[in-house]
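Quick notes on the structure that follows.
The values are calculated or read from the model by the stated rules, or taken from the named source; none is laboratory data. None of these values were measured; they are calculated from a predicted model. Because the Cβ atoms are built from the backbone with ideal geometry, glycine has one as well, and the counts that use them run over all protein chains shown. Remember, those area values only see protein heavy atoms, side chains included, never the ligands or the DNA or RNA. Shrake-Rupley method; radii C 1.70, N 1.55, O 1.52, S 1.80 Å.
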Amino acid sequence: MSHDTHDAVPSGPTTETLGPHTRRLKLLTVVATFGGLLFGYDTGVINGALPYMTDDLGLTPATEGVVTSSLLLGAALGAFLGGRVSDRRGRRTMILRLAVLFAVGTLICTFAPGVGVMVFGRVVLGLAVGGASVTVIAYLSEVSPVERRGRLVTQNELMVVSGQLLAFVGNAVIGGVWGEAGGVWRWMLVIATLPAVALWAGMLAMPESPRWLASRGRFGEALAVLQQVRDAKRAEAELAEVRALAEEDEAAQTAGWRDLAVPWIRRIVVVGLAIAVMQQITGVNSIMYYGTQILTESGFDRDGALIANIANGVISVLATFVGIWLLGRVRRRPMLIVGQIGTFCALLLVGVFSLVLPEGVSRASVVLALTVTFLAFQQGAISPVTWLMLSEIFPLKLRGLGMGVCGLMLWIVNFLVGLLFPILVAAIGISATFFLFAGLGVCAMLVAKAIVPETKGRTLEQLERDFKHGGAPARDMAKVTR
Amino acid sequence: MTVMVAVPDSPEGRTALSAALDETRLRDTDLVVLNLALDPLDVVGMPSDLPITVRERTGHADLADSVLAALDEYAGTVDLLVIGMKRRTPIGKALLGSLSQRLLLEADVPVLAVKR
């Protein structure tokens, strides 16, 4: 495993043939990715619901920030605890419980009489979102044949943005049709119970992860599951591999905090943390959570903003497709830096046009065009590189700890952006807020240039050597690749 | 009678290892090397005439615990533990704890602590 280069598609024991197991695997993928869809829906729905909620519940910019970002605090906790629980109880059990948690959280938010209950419900939803973010990916990568594993992380990301798009469309439809009735935001929220029920019912019929069963020494059951999702010849051959992978999973948990005393290990973790921060610090989620409000403040009316916001969702989905395609073709570092240049320009221009154009439909249209441009670069370049790089830079024995702290960092920065955005807009205005994000973008670009290594086509051993010899792996690599 | 050495991924680790090799030769016995680094021990340059067993790190355990567990496993055969030491800042010690302090206090065989 550790000798594979990142691009090599390892050929399995035998190549996959079509059969009933293919359909089974497809169905399984669809069911499990409902977790990603719910993740996207629950983070995106607040975008259109917030303007109505603000009126109904009497939200201030500060409480708007709290309602939006409390989900992310829950998600940080959920991601942190989720891994442990799913290691102990199994992936399938965990996903079933998460589906219940999704439904319960949704209902609490839907019937929330005031801010307090709403925040509580959002934290519960966050626990489910965070738990799903780790468990669904683990489940999918453990049941899928080895040649598909690489793509799964990014495919899950695709489901997340699709969930957000779905939420934006749902918001626009509900807002457009029943916008005048009171409490319309409650209807926007409650729709999320449907995919939660689908996830729960679907997972009941799905098998446990063979790799988890193997890690528990339940090899008979593991083989039975493999026979459902592989052709007969391959299932036998793969049990050995699954056994090896279960051992590898255990090895991945070797490193502990004390290993951070070793300089080269610290360097890798710092690079991982920087990549995590850079993905969020562009402010992408200020658009995913507050897009409708940004457009309303720029000059669209409420219904117009809800509809226009769909463009943000559509471009996110399209750009994610492009991003997945690009990952296989271009190097990671240039892709990241081009993404950063693109988002920086878009952010800067939003700030400029918000300053020079009078509020109205023309300004709102320009802002919309720019947020769409921003998302194209973010979801088409920065985000896919982030997900992939975080899975590529850590040597096996450091992986558990490394991914854990970087995931936590992602949620924390996401939380801060979600919390502070409405407060900043109220305090210093929308254009100054975007200038701030643009400034942070410049810092991120400099950091990326200085410390982010190229991981495409390099083995973990090569990367490890670079981290051991000196602090600037990026520069060494430039020499090699030129 | 066997010598055991704890080798973390640091200059002190390499100092401890070379001291342990000397001690093993002096006592004309064999050596158990506990590699505490995340990557396999570099065995290039290790003397081939000495009976050496290298144990890599497995599982998620505190470093001191894993050394003490290895000592228990070899109870009765290992009669010397070799470790490396260095000066630590109070902050570093508070954050990450002190491996050598725990081993000095808790190992039930004599400990040879070498400084660089």
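Data table
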{"quantity": "Selection status of residue A:140, in a helix (DSSP H, G or I) and within 19 Å of the chain's Cα centre (by Cα)", "calculated": "yes"}
{"quantity": "Condition met for residue A:183 (under 20 Å from residue A:309 (Cβ atoms) and either more than 24 Å from the chain's Cα centre (by Cα) or at pLDDT below 90 (or both))", "calculated": "no"}
{"quantity": "Pairs, first within 18 Å of residue A:32 (Cβ to Cβ) in region A:159-179, second of a type in the set (S, T, N, Q) and open to solvent by less than 30 Å² (accessible area, probe 1.4 Å), C-beta under 6 Å, six or more apart", "calculated": "A:159/A:33; A:161/A:316; A:161/A:320"}
{"quantity": "From the options A:63, A:54, A:110, residue that is free of Cβ contacts under 8 Å to residues at least 12 places away in the same chain, β-branched (Val, Ile, Thr) and under 24 Å from residue A:182 (Cβ atoms)", "calculated": "A:54"}
{"quantity": "From A:340, A:293, residue being open to solvent by 10 Å² or more (accessible area, probe 1.4 Å), out of contact with any strand residue (DSSP E or B) (no Cβ under 8 Å at 6 or more places or on another chain) and not assigned by TED's automatic domain parsing to the domain that holds residue A:43", "calculated": "A:293"}
{"quantity": "Residue that is surrounded by the most Cβ atoms within 10 Å (Cβ to Cβ) [pool: residues in region B:86-97 that are more than 10 Å from chain A (Cβ to nearest Cβ) and either assigned to a loop (DSSP other than H, G, I, E, B) or in contact with a Phe, Trp or Tyr (Cβ under 7 Å, 6 or more places away or on another chain) (or both)]", "calculated": "B:86"}
{"quantity": "Residue within region A:228-239 that is open to solvent by 50 Å² or more (accessible area, probe 1.4 Å) and among the polar types (S, T, N, Q) present", "calculated": "yes"}
{"quantity": "Subset of region A:248-269 (residues that are touching a residue at least 24 places away in the same chain (Cβ under 8 Å) and farther than 17 Å from residue A:391 by Cβ)", "calculated": "A:250, A:254, A:256, A:257, A:259, A:264, A:265, A:267"}
{"quantity": "Elements of type strands (runs of 3 or more DSSP E) in region B:1-83, at least 2 residues being within 13 Å of another protein chain (Cβ to nearest Cβ), open to solvent by less than 40 Å² (accessible area, probe 1.4 Å) and not aliphatic (A, V, I, L, M)", "calculated": "none"}
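Listed here are the residues, each with its yes/no results for (1) within 14 Å of another protein chain (Cβ to nearest Cβ); (2) buried (at least 21 other Cβ atoms within 10 Å of the Cβ).
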residue: A:245; (1), (2): no, no
residue: A:266; (1), (2): yes, no
residue: A:279; (1), (2): no, yes
residue: A:289; (1), (2): no, yes
residue: A:313; (1), (2): no, yes
